[in-house]
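Student: My structure is below; once you've seen it, I'll send some questions.
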Amino acid sequence: MSRTSIHVVVGFLSALVLTGSLTTERSAAQAPANGATALTNVRIIDGTGAAPVERGTIVTSNGRITAAGASVQVPAGATRVDFTGKTVMPGMVNAHAHVQNLTKSMPMRDDLVRRLRLYAAYGITTAVSLGQVDTAEQMEVVRLRDEQDRGPLDRARVYTSGPSIRGLKTMDEVRQTVDRYVDQKVDRIKTHVTPQMTPDQYAALIEQAHKRGMRVNAHIFTLDEAKMVLERGVDVIAHSVRDRDVDQALINAMKARNVGYIPTLTRDLSLVVYQSTPAFFKEPFFQRGMAVYEEQVKVLSSPERQAKFRADPQTKMIEKALEQGTRNLKLLSDAGVTIAMGTDSGTDEGRWQGYFEQVEVEMMVKAGLTPMQAIVAATGAAARVSKLDHVGTIAAGKAADLVVLDANPLQDIRNLRQINSVWVAGRRMGTTGTN
Ligand SMILES: [Zn+2]
């Protein structure tokens, strides 16, 4: 066989594999039309922190949960799915994600959609994108968001802040930028706290956003930055405080207005873990995402790139910051501050959409949270902090976004990886890379 024909055959085979997996995905996505589906004999972790229900039933219809609990009647004609021995929890909500077009070798929309499918395959059924690269990308994400309530959904839900607001010069500019993003139909505002903008400008930003009905999420690093925006009315602290221990004043300020806190521990992990090739590159659970991850895995596996991480003074600084952030997560959780899972995945190199949300939850447990606290942070609390009332918990009226697990994550948080199936708006998704 000539070189060319081998090439053609290989190309044909990989096309076949691709088409094959897409077809499976489509047929696996059951569309029960308007009919009801009942998941029976399941352990239900409802995302609120309540004790799990054993051998419960969840009924869904039209993309919504219509009933859930221990003594639920299965409506006549409903499709029954017996999930004896399985645990069902709400699809996870990433309160600090990024849904960005990082791969330039395909149309923007295709890249964004495959990333949302990847999130869903890992059990993350809602991604709150706190930062877009530019207007074109922002508009595409807004379109995807608006489409998701109209038809059958085969990917994670997405919400967006538009680009993070930073480095503006005047109060007028700040207010006009907020107005522009709101007019372009973002559903929240994100800002980076840096010395380039004055506290008064942050006050104006927050005031303008609130006037337009938007909540403000702030990127911070230090305790002082967190306090500065808290005093000016910010709604969400979107990263860990990483320079020193949090104090009672911060705790009081956060609790007084129920401001949520998103640790993004894996964001810092991504700045320290590629000094050598991380062991997780070899994990089958990571490799499920390889179709999307491959491009960056190659870059981060290169000895030159790893040497650069080792030589960069930032690496040592972030190692300390990660330790501090981990410690502050436990302090704030113990103090009763609302913790929401978020990762910053989908931005820079090595922030793996899907895989890192799983690692984030595991790191929360390593920080000292109970598995139940970490699960609540990744479901009900993340939805509350993101003001998304229709997702994050299992109750009548909520979206039928569910993760079915083969093992109980309350016994071992790593059982979150034992994904049996993921359901979005009542439809069973394919698990990209595995079928
Ligand atoms: Zn971010």
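The values are calculated or read from the model by the stated rules, or taken from the named source; none is laboratory data. None of the values given here were measured: they were computed from a predicted structure. Here the Cβ positions follow ideal geometry from the backbone for every residue, glycine too, while neighbour counts run over all protein chains shown.
Student: Among the candidates 229, 178, 182, 234, single out the residue that is of a type in the set (A, V, I, L, M, F, W, C) and in a loop (DSSP other than H, G, I, E, B).
Tutor: That would be 234, the only listed residue that is of a type in the set (A, V, I, L, M, F, W, C) and in a loop (DSSP other than H, G, I, E, B).
Student: Residue 219 fails exactly one of the following numbered conditions: (1) closer than 15 Å to residue 324 by Cα; (2) within 16 Å of the ligand (Cβ to nearest atom). What is the number of that condition?
Tutor: Failing condition for residue 219: (1).
Student: Does residue 297 satisfy the criteria of being away from the ligand (no atom under 16 Å from the Cβ), in a loop (DSSP other than H, G, I, E, B) and at pLDDT 95 or above?
Tutor: no
Student: Still on this structure: Which of (1) in contact with a Ser or Thr (Cβ under 7 Å, 6 or more places away or on another chain); (2) surrounded by 22 or more Cβ atoms within 10 Å (Cβ to Cβ); (3) in a loop (DSSP other than H, G, I, E, B) does residue 187 not meet, given it meets every other one?
Tutor: Failing condition for residue 187: (2).
Student: Which residue out of 145, 157 is at pLDDT 95 or above, away from the ligand (no atom under 14 Å from the Cβ), surrounded by 19 or more Cβ atoms within 10 Å (Cβ to Cβ) and among the basic types (Lys, Arg)?
Tutor: 157
Student: Looking at the stretch 160-210, which of the residues that are closer than 21 Å to residue 221 by Cα and without any contact (Cβ under 8 Å) to a residue 24 or more places away in the chain is farthest from the ligand (Cβ to nearest atom)?
Tutor: Per the criteria, the residue is 198.
Student: Of all residues in the stretch 279-314 being surrounded by 12 or more Cβ atoms within 10 Å (Cβ to Cβ) and either small (Gly, Ala, Ser) or touching a strand residue (DSSP E or B) at 6+ places or on another chain (Cβ under 6 Å) (or both), which is nearest to residue 122 (Cα to Cα)?
Tutor: 289
Student: Among residues belonging to the stretch 105-137 that are of a type in the set (S, T, N, Q) and under 25 Å from residue 384 (Cβ atoms), point out the one that is surrounded by the fewest Cβ atoms within 10 Å (Cβ to Cβ).
Tutor: In this case the residue turns out to be 132.
Student: I've got another one for you. Could you list, in sequence order, all residues of the stretch 121-139 that are in a loop (DSSP other than H, G, I, E, B) and away from the ligand (no atom under 15 Å from the Cβ)?
Tutor: Matches in the stretch 121-139: 122, 123, 134.
Student: Suppose we filter the stretch 222-241 for residues that are more than 16 Å from the ligand (Cβ to nearest atom) and among the aliphatic types (A, V, I, L, M); how many remain?
Tutor: The number of residues fulfilling the criteria is 3.
Listed here are the residues, each with its yes/no results for (1) among the hydrophobic types (A, V, I, L, M, F, W, C); (2) more than 30 Å from residue 294 (Cβ to Cβ); (3) under 10 Å from the mean Cα position of the chain (by Cα); (4) within 16 Å of the ligand (Cβ to nearest atom).
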{"site": "339", "(1), (2), (3), (4)": "yes, yes, no, no"}
{"site": "342", "(1), (2), (3), (4)": "no, no, yes, yes"}
{"site": "348", "(1), (2), (3), (4)": "no, no, no, yes"}
{"site": "357", "(1), (2), (3), (4)": "no, no, yes, yes"}
{"site": "369", "(1), (2), (3), (4)": "yes, yes, no, no"}
{"site": "373", "(1), (2), (3), (4)": "no, yes, no, no"}
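Rundown of residues vs (1) surrounded by 18 or more Cβ atoms within 10 Å (Cβ to Cβ); (2) over 18 Å from residue 48 (Cα atoms), yes/no style:
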{"residue": "329", "(1), (2)": "yes, yes"}
{"residue": "366", "(1), (2)": "no, yes"}
{"residue": "388", "(1), (2)": "yes, no"}
{"residue": "394", "(1), (2)": "yes, no"}
{"residue": "425", "(1), (2)": "yes, yes"}
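Student: Inspect the stretch 97-105 for any residue being assigned to a strand (DSSP E or B), at pLDDT 95 or above, small (Gly, Ala, Ser) and under 22 Å from residue 411 (Cα atoms) and give the result as yes or no.
Tutor: No: zero hits.
Student: Another question, then. Does residue 250 satisfy being surrounded by 16 or more Cβ atoms within 10 Å (Cβ to Cβ) and farther than 26 Å from residue 120 by Cβ?
Tutor: yes
Student: Continuing with the same structure: For the stretch 242-277, which residues satisfy the criterion of being in contact with a Phe, Trp or Tyr (Cβ under 9 Å, 6 or more places away or on another chain), more than 26 Å from residue 383 (Cα to Cα) and away from the ligand (no atom under 16 Å from the Cβ)?
Tutor: Result: 243, 272, 273, 274, 275, 276.
Student: For the stretch 99-120: of the residues being farther than 27 Å from residue 426 by Cβ and either free of Cβ contacts under 8 Å to residues at least 24 places away in the same chain or within 15 Å of the ligand (Cβ to nearest atom) (or both), which is nearest to the chain's Cα centre (by Cα)?
Tutor: So, considering only residues that are farther than 27 Å from residue 426 by Cβ and either free of Cβ contacts under 8 Å to residues at least 24 places away in the same chain or within 15 Å of the ligand (Cβ to nearest atom) (or both), the one nearest to the chain's Cα centre (by Cα) is 100.
Student: Ok, one more. Within the group 141, 216, which residue is among the aliphatic types (A, V, I, L, M) and over 21 Å from residue 124 (Cα atoms)?
Tutor: The conditions single out 216.
Student: Checking the conditions here, which among 43, 80, 55 is on the phi > 0 side of the Ramachandran plot, assigned to a strand (DSSP E or B) and either more than 21 Å from the chain's Cα centre (by Cα) or of a type in the set (Asp, Glu) (or both)?
Tutor: When all the criteria are applied, what remains is 55.
Student: Report, by residue number, each residue of the stretch 245-266 that is in a helix (DSSP H, G or I) and out of contact with any strand residue (DSSP E or B) (no Cβ under 8 Å at 6 or more places or on another chain).
Tutor: Answer for the stretch 245-266, where residues must be in a helix (DSSP H, G or I) and out of contact with any strand residue (DSSP E or B) (no Cβ under 8 Å at 6 or more places or on another chain): 248, 249, 250, 251, 252, 253, 255, 256, 265.
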